[in-house]
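One structure below.
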Amino acid sequence: MNFTSSALPPLTRGTSGNGHVGIYPLPDPTPRPSKRVMYLQMFWDRRRFLLRAGIYALLASILIAFLIPVRYKAKTQLMPPDGQQGLGMALMSALASKGSGAGALGGVAGDLLGMKNSGALFVGVLKSRTVADRLIQEFDLQHLYDDTKIEDARDDLDDHTDISEDRKSGLLTVTVWDHDAKRAAAMAQAYVSELDRLVAQVSTSSARRERIFLEGRLHEVKGDLETAAKRFSEFASKNTAIDIPAQGKAMMTAAAELQGQIIAAESELSGLQQIYADSNVRVRSLKARISELNQQLQKIGGDTANPSNGEGMIAPPIRKLPLLGVTYADLYRQNKIEETVFELLTQQYEMAKVQEAKEIPTVKVLDAPVVPTKKSFPPRGILIAVGTLLGIVGAAGSLVLRKKWNDTDPNDPGRVLAEEVGASLWAGTQRVAPAAASLRSAFERNPAASESALKTEPL
């Protein structure tokens, strides 16, 4: 075999690193390119492949970005509540006093532990199980989120809601995400309504307890007052007793006047009888007048034989005044007592209502939730750009890996192991594919039998 000078590299005599003397080839004077330049050259040579990968990634990113369901964000902001001393303890006492039978209100107790101000208390109430269950029931979120258990629906609602408090300004922010813009705004408003209702419901301030007591007592006194007024009116109507003291004074005055008229008439009759006979017109007329005056006096004074014979008079007879006066005074006193107590309780009740309104922290809405018109998710432009870039980077990475794989010695242990693992996985896939196809065809022919076989036979 003939070797030319162009077939062999230039040789030189020299010493190796081990100290052996011999003839060795001279170093290649041509500079070798760096790895970065080599990779750039490879990318340039496969630029069509990278361009196709970028186009495919762009199309896939556009498809994915438009297939992702849009989400809308509705937000409401609440003013920081007025500071109330002991409000948190009052609410905790209300919930603790209800015990295990508190029902839904018991869920708030765990969230109110450690609260030192009304803002943190409001956040705890909004994040409570009570509010979550009310919203789940109102908007049918368990069906909307496709959850079979209420606990999963609570977790999903928590994922769609953000409740926070600004430490500096104290503003409370409630943010709700949903696929429906109107439902997102309605859920944000429902949080505010539930907060207002629940805070007023569990409040146990002293003014509230006083108001509840006065409300019940006022109801009782009102019934007693109506009963006393009815008894008094029936008594007065039956006995024509409007004002016994005034009527007694008027009756005594009328009786005295009648008595005086009778005495004067009798004196005049005595004088006429000395002059005229009893058949005289003047004598008979005066006797008739005296008889009439006696009858009137008897009506005023009362008939001892028939005490009830006073009907048709505008006032009770004098003989009945002492008995009527005692009953009248008793009924009148009872009616005035009930009336006075009712007036005092009414005043205290109104004052307690005002004080309760001052002590209960009202929910002051700074920004009411409105129906959003702009979607908050997904950011399609960013998704498309990132997806396209990842597609190009992935294609470039595959080129780099392929080059490193090709440059690796076929007898390298790592390459041999990788080839064995790949071959094993491929063989397993080929064995599973026919079994899966036969199982699918069997399930299509007889679904019930296939399901029972899956439950009883191990794979």
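The values are calculated or read from the model by the stated rules, or taken from the named source; none is laboratory data. Values in this document were obtained by computation on a predicted structure and should not be read as measured data. Cβ sites come from the backbone with ideal geometry, for glycine too, and all protein chains shown count toward neighbours. Heavy atoms of the whole protein, side chains included, go into the accessibility calculation; ligands, DNA and RNA do not. Shrake-Rupley method; radii C 1.70, N 1.55, O 1.52, S 1.80 Å.
Of the residues making up segment 38-51, at least one is over 30 Å from Lys374 (Cα atoms), modelled with pLDDT of 90 or more and open to solvent by 90 Å² or more (accessible area, probe 1.4 Å). Please work out which residue is farthest from the chain's Cα centre (by Cα), limiting yourself to segment 26-37 and to residues that are open to solvent by 100 Å² or more (accessible area, probe 1.4 Å) and at pLDDT 65 or above. If we take residues in segment 26-37 being open to solvent by 100 Å² or more (accessible area, probe 1.4 Å) and at pLDDT 65 or above, then Lys35 is farthest from the chain's Cα centre (by Cα). Please verify whether Gly381 is open to solvent by less than 50 Å² (accessible area, probe 1.4 Å) and either under 27 Å from Gly54 (Cα atoms) or outside any helix (DSSP H, G or I) (or both), treating the condition exactly as stated. No; evaluated as a whole, the condition is false for this residue.
Here Glu420, Glu444, Glu451, Glu457 are screened, and the one residue that is at pLDDT 65 or above, more than 30 Å from Gly54 (Cα to Cα) and either of a type in the set (A, V, I, L, M, F, W, C) or under 53 Å from the mean Cα position of the chain (by Cα) (or both) is Glu444.
Within segment 272-288, if we keep just the residues that are more than 21 Å from Gln261 (Cβ to Cβ) and among the aliphatic types (A, V, I, L, M), the residue that is most open to solvent (accessible area, probe 1.4 Å) turns out to be Ile275. Scanning segment 37-71 for residues that are of a type in the set (Phe, Trp, Tyr) and either without any contact (Cβ under 8 Å) to a residue 40 or more places away in the chain or within 15 Å of Val393 (Cα to Cα) (or both) returns Tyr39, Phe43, Trp44, Phe49, Tyr56. Considering only residues that are in contact (Cβ under 8 Å) with a residue 12 or more places away in the chain and open to solvent by 50 Å² or more (accessible area, probe 1.4 Å), look in segment 342-358 and name the one that is nearest to Glu220 (Cα to Cα). Taking the candidates together, the pick is Phe342. The set of residues in segment 350-396 that are under 29 Å from the mean Cα position of the chain (by Cα) and among the hydrophobic types (A, V, I, L, M, F, W, C) comprises Met351, Ala352, Val354, Ala357, Ile360, Val363, Val365, Leu366, Ala368, Val370, Val371, Phe377. Where helices (runs of 4 or more DSSP H) fall wholly inside segment 126-234, the ranges with 3 or more residues that are open to solvent by less than 50 Å² (accessible area, probe 1.4 Å) and either among the acidic types (Asp, Glu) or at pLDDT 90 or above (or both) are 129-139, 150-159, 181-202.
Listed residues Val393, Val416, Val371; which is under 30 Å from Val70 (Cα atoms), assigned to a helix (DSSP H, G or I) and among the hydrophobic types (A, V, I, L, M, F, W, C)? If you could, list the steps in order and put the result at the bottom.
On the way: Val416 fails: under 30 Å from Val70 (Cα atoms); Val371 fails: assigned to a helix (DSSP H, G or I).
Val393 is the lone residue from the list that is under 30 Å from Val70 (Cα atoms), assigned to a helix (DSSP H, G or I) and among the hydrophobic types (A, V, I, L, M, F, W, C).
Taking the conditions exactly as written (open to solvent by less than 60 Å² (accessible area, probe 1.4 Å), at pLDDT 85 or above and within 30 Å of Leu225 (Cβ to Cβ)), does Thr388 satisfy them or not? So Thr388 fails the test. Of the residues making up segment 359-378, those that are under 18 Å from Phe122 (Cβ atoms), exposed (fewer than 15 other Cβ atoms within 10 Å of the Cβ) and modelled with pLDDT under 85 are Thr362, Lys364.
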